[in-house]
Amino acid sequence: MKLRALATMVLLSGFGGAAAAQTVFVDQGDDWTPALRDAFYTQDQGSRIMPLAWMRALRLPDGAPFLQDALARYGYLPMPGRLDDDLPVGFTTNGRGADMAVGMTCAACHTREIEVNGTAYRVDGGPAMVDFQAFLADLDAAVLALLDDAAAFDAFAAEVAGPDGDTAALREAVETWSLRFHTLMARSLPDPAWGPGRLDAVSMIFNRLAGLDIGPETEDYLIPDNIALADAPTRYPFLWNAARQDRTQWPGFAENGNDLLGLARNLGEVYGVFGEFHPATKPGLVFGHDYISRNSANFDGLRALEDWVWEIGAPRWPWALDRELVRQGQAVFNRPVAAGGCVACHGKRRGERRALFHSTYATPILDVGTDTRECAILGRRVQTGVLEGARIPLLRDELGAEAPAFEVLGVAVIGAIIQQATSFGPAGLGQEAGGADQADFMAQFDDLRGAFPMGAAGTGLESGETGCKYAARVLEGIWAAAPYLHNGSVPSLRELLTPPEERLAAYTPGPVYDIEAVGIATDQPGFGQVIETTGCAALDSGNSRCGHPYGTTLPEAEKRALLEYLKSI
């Protein structure tokens, strides 16, 4: 198979300093251009980790700059030719002067690089093999150490503020940042860690919003008791098809498929990944709350990113294929489920029509016996802080003093979208516009009922059932998305076709790929961290490799054929 002509450039791998001969950009269709790629890598979406000057002045325990290797030690990928050459793919800046902050964009977690025979292959929109927990823990530790060492802080202050800067004010700002960040890290990060390629994103979104954003201003907005251990890790999903599935998120709780629903999905992500957001009670404003004045989300940037995601094509297998075996495998794929086939759940069928110019793929939501912990966390209840009493007429009921975190997130996302879109003055919607105009306005946003739907905060299962339902996506490009199952407990497609009781109990994540097994290779020179999984007896561990037994009883020849077909789509 041909590689795109624009595909090669010399790079260094970010894992263990091992040199890769070149990086090849895998063919992802003619619509995915180099210009779109660069924009995707750097587009600001409103995330603000900390002031850029702080991160550049921050030091590791050995005295080296925190940004010394452009964060390659955590698996983040280099972007040659970038002016900010100390920032990797998916890290961006916003603001100006002393207010300029470093943040993350979706490319940080959704750009994949795999290595085969010493060559690195870049897959845009693929699940990143990054150790996000190690990055968070090290950043927390570095700031704590800085505050504990007067000489180190003086050197930091001289670099950040200059010789005439206000060191006392800078120290107060760093202490406030550290109080909030350390509170989040100390209560959120699990042991054992998520490991490279995995993240409990839903818990972290809940924790940041409920724990750091909606508390009283006098307490630095903190509600520490709203922060829970984030111990339901999932693998990063791939982005091609993401905008096209008619339901999204691993448990499939959110409707999807148009710009407004995409904006809701992406805004929720910004709240979880360093967005600055402090809603406030404001009588007279739309719905009695202000969701915008202290909200760093870049709505234009989020809309642009969603537009670009529609252009990311599924990656095309870069190596030779056995076409006869592909044909045989397609026949296996198209069998009924009872005969080991896949098409009933993962076939491409038209889904709900939610946009004028786009169609979606039907996305079945099914319990296939896999780990249940993801669903358990969706029922978490939190104190609502400044959002007590908040409501979105016709879309969201009033929040009490406590509410499901899922519903608090829905109000925070939908309230901000409506307020940003309407930009009504202090008189507010309804008072100035009148009831009829209010009804007409709300009808335009009816799709937002499905963004974080009320009643979806459980499991999507009927009352009394056990288990957990997850979205069954179209499998184009699945070869580039290891590890597998929603929680990343299975390292390869070959292993997924093995009966659950015989699957590997542990594996080492990393970039090196086994193109025969179609997934993570056994020998990894990278992080050195082992992912320990559990069997079917601990289905709620967050790390269970149980479930999805489909295709596991196929004859070996048919398994080989099915794998060859999955490489080809």
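The values are calculated or read from the model by the stated rules, or taken from the named source; none is laboratory data. Note that the structure is predicted; figures quoted are calculated from it, not measured. Cβ sites come from the backbone with ideal geometry, for glycine too, and all protein chains shown count toward neighbours.
Annotations
- Cβ pairs under 6 Å, 6+ apart, first in region 323-343 and among the basic types (Lys, Arg), second part of a loop (DSSP other than H, G, I, E, B) and surrounded by 13 or more Cβ atoms within 10 Å (Cβ to Cβ): Arg335/Gly341
- Lone qualifier among Gly415, Gly434, Gly458, Gly428 - being at pLDDT below 85 and under 28 Å from the mean Cα position of the chain (by Cα): Gly458
- Hits in region 466-502 - residues which are within 14 Å of Thr534 (Cα to Cα) and out of contact with any Pro (no Cβ under 9 Å at 6 or more places or on another chain): Leu485, Glu501, Glu502
- When Ala344, Ala390 are checked against the criterion of being assigned to a helix (DSSP H, G or I) and either out of contact with any Asp or Glu (no Cβ under 7 Å at 6 or more places or on another chain) or among the small types (Gly, Ala, Ser) (or both), a single residue qualifies: Ala344.
- Any hit, region 9-29, residues being at pLDDT 95 or above, more than 19 Å from Glu276 (Cβ to Cβ) and loosely packed, with under 15 Cβ neighbours inside 10 Å: yes
- Against the criterion of being of a type in the set (Gly, Ala, Ser) and either within 20 Å of the chain's Cα centre (by Cα) or on the phi > 0 side of the Ramachandran plot (or both), Gly165 does not qualify.
- Some residue of region 134-152 being touching a helix residue (DSSP H, G or I) at 6+ places or on another chain (Cβ under 8 Å), at pLDDT 95 or above, assigned to a loop (DSSP other than H, G, I, E, B) and closer than 27 Å to Leu305 by Cα: no
- Only listed residue being surrounded by 18 or more Cβ atoms within 10 Å (Cβ to Cβ), over 28 Å from Leu212 (Cα atoms) and at pLDDT 95 or above, chosen from Leu77, Leu87: Leu77
- Restricting attention to region 298-324, the residues that are over 25 Å from Ser359 (Cα atoms) and aliphatic (A, V, I, L, M) add up to 2.
- Inside region 93-103, residues that are within 18 Å of Ala304 (Cβ to Cβ) and crowded, with 24+ Cβ neighbours inside 10 Å make up a count of 1.
- Among residues of region 471-490 that are more than 19 Å from Gly369 (Cβ to Cβ), those with a Cβ under 8 angstrom from a residue that is of a type in the set (Ser, Thr, Tyr) and not in a loop (DSSP other than H, G, I, E, B), sequence gap 6+ or separate chain, pair up as Val474/Tyr361; Ala482/Ser492; Ala482/Tyr513.
- Here the condition is being surrounded by 15 or more Cβ atoms within 10 Å (Cβ to Cβ), touching a strand residue (DSSP E or B) at 6+ places or on another chain (Cβ under 9 Å), under 29 Å from Glu217 (Cβ atoms) and of a type outside the set (A, V, I, L, M); of Arg354, Arg380, Arg396, Arg373, it holds for Arg380 alone.
- Identity of the residue in region 518-569, in a strand (DSSP E or B) and not hydrophobic (A, V, I, L, M, F, W, C), that ends up farthest from Glu113 (Cα to Cα): Thr534
- Count of region 529-546 residues, restricted to those that are surrounded by fewer than 20 Cβ atoms within 10 Å (Cβ to Cβ) and either among the polar types (S, T, N, Q) or in contact (Cβ under 8 Å) with a residue 24 or more places away in the chain (or both), is 8.
- Output for region 184-218, where each listed residue is in contact with a helix residue (DSSP H, G or I) (Cβ under 7 Å, 6 or more places away or on another chain) and closer than 30 Å to Ile520 by Cα: Met185, Ser188, Leu189, Ala193, Trp194, Leu199, Ala201, Val202, Ser203, Met204, Ile205
- Members of region 38-71 found to be among the aliphatic types (A, V, I, L, M) and not in a helix (DSSP H, G or I), listed by number: Ile49, Met50, Leu58, Leu60, Ala64, Leu67, Ala70, Leu71
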